[in-house]
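Reading through the structure tokens given below for one structure.
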Amino acid sequence: MSYTITVSVYQTSPSCFFNIVEKICFNYGGGGTWSEEGGRHVLRMGASGTSGGLLFQSDTGERIFVVLGVHNYARWCDVVTGLVGHDTALVLLPQYYGGGSRAFMREKTLPVYGVTSAKGRRTEVKYSVYDGHELKADIIIG
């Protein structure tokens with residue numbers, strides 16, 4: 001069964017602006033795609049076990065990786081800060097699968113998660129619709 005996560009991005013700090021520099025999908029038998037509709041980012045996944053990531057970079061060089069997906073028919077999310085140059089979306093997303101170092105976050109199936117970076121920036125993911133197949137989530141970058 002397919003899933004859709006519609007993502008709204010909010011930036012609350014006037015000190016810098018973040019752009020999405022990479023979008024990626026992890027396809028576990030169901031395929032996944034990103035699109036944009038009405039100013040929102042839409043992740044379409046063909047089955048549970050699939051996810052997508054957005055890599056943000058600010059005009060000051062700070063980078064944040066946000067992952068959203070469905071695991072065992074439940075939504076999940078994660079936020080990664082403190083990224084260095086070789087930390088691309090292509091490198092980071094597979095770490096959530098196959099016993100990777102970040103798989104524990106996928107398995108928690110959290111509806112809300114946030115972290116504060118070493119630079120003091122708070123980034124959160126909050127699912128506003130977290131059950132069913134038409135999910136909605138907000139990313140708030142402070």
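Scanning the stretch 5-51 for residues that are in contact (Cβ under 8 Å) with a residue 60 or more places away in the chain, surrounded by 14 or more Cβ atoms within 10 Å (Cβ to Cβ) and touching an Asp or Glu at 6+ places or on another chain (Cβ under 9 Å) turns up ILE5, THR6, VAL7, SER8, VAL9, PHE18.
Scoring TYR113 on the criteria (1) free of Cβ contacts under 8 Å to residues at least 24 places away in the same chain; (2) out of contact with any Gly (no Cβ under 6 Å at 6 or more places or on another chain) leaves a single failure, condition (1). Within the stretch 90-100, the set of residues being among the hydrophobic types (A, V, I, L, M, F, W, C) and surrounded by fewer than 20 Cβ atoms within 10 Å (Cβ to Cβ) comprises LEU90, VAL91.
Looking only at the stretch 52-86, residues that are surrounded by fewer than 20 Cβ atoms within 10 Å (Cβ to Cβ) and either part of a strand (DSSP E or B) or out of contact with any strand residue (DSSP E or B) (no Cβ under 7 Å at 6 or more places or on another chain) (or both) come to 13 in all. Selection of the stretch 107-126 for residues being part of a strand (DSSP E or B) and among the small types (Gly, Ala, Ser) yields only GLY114.
Taken over the stretch 131-142, the criterion of being among the charged types (D, E, K, R) and either surrounded by fewer than 13 Cβ atoms within 10 Å (Cβ to Cβ) or in a loop (DSSP other than H, G, I, E, B) (or both) is satisfied by ASP131, GLU134. Among the residues of the stretch 17-32, is there at least one that is in contact with a Lys or Arg (Cβ under 9 Å, 6 or more places away or on another chain) and farther than 22 Å from GLU107 by Cα? Scanning the stretch 17-32, I find at least one residue that is in contact with a Lys or Arg (Cβ under 9 Å, 6 or more places away or on another chain) and farther than 22 Å from GLU107 by Cα, so the answer is yes. Collect the residues in the stretch 36-54 that are under 14 Å from the mean Cα position of the chain (by Cα) and over 10 Å from VAL70 (Cα atoms), keeping them in residue-number order. ARG40, HIS41, VAL42, LEU43, ARG44, GLY53, LEU54 - these are the residues of the stretch 36-54 that are under 14 Å from the mean Cα position of the chain (by Cα) and over 10 Å from VAL70 (Cα atoms). So is SER48 in contact with a helix residue (DSSP H, G or I) (Cβ under 8 Å, 6 or more places away or on another chain), of a type in the set (S, T, N, Q) and not in a helix (DSSP H, G or I) or not? Considered against the rule, which asks whether it is in contact with a helix residue (DSSP H, G or I) (Cβ under 8 Å, 6 or more places away or on another chain), of a type in the set (S, T, N, Q) and not in a helix (DSSP H, G or I), SER48 comes out as no.
Exactly one residue out of SER128, SER117 is among the hydroxyl-bearing types (Ser, Thr, Tyr), more than 13 Å from VAL67 (Cα to Cα) and open to solvent by less than 40 Å² (accessible area, probe 1.4 Å), and it is SER117.
The values are calculated or read from the model by the stated rules, or taken from the named source; none is laboratory data. Bear in mind that the values here come from a model prediction, so they are computed numbers and not experimental data. Note: ideal-geometry Cβ built from the backbone for every residue, glycine included; neighbour counts use all protein chains shown. Please note that ligands, DNA and RNA were not included when accessible areas were found on the heavy atoms of the full protein model with its side chains. Shrake-Rupley method; radii C 1.70, N 1.55, O 1.52, S 1.80 Å.
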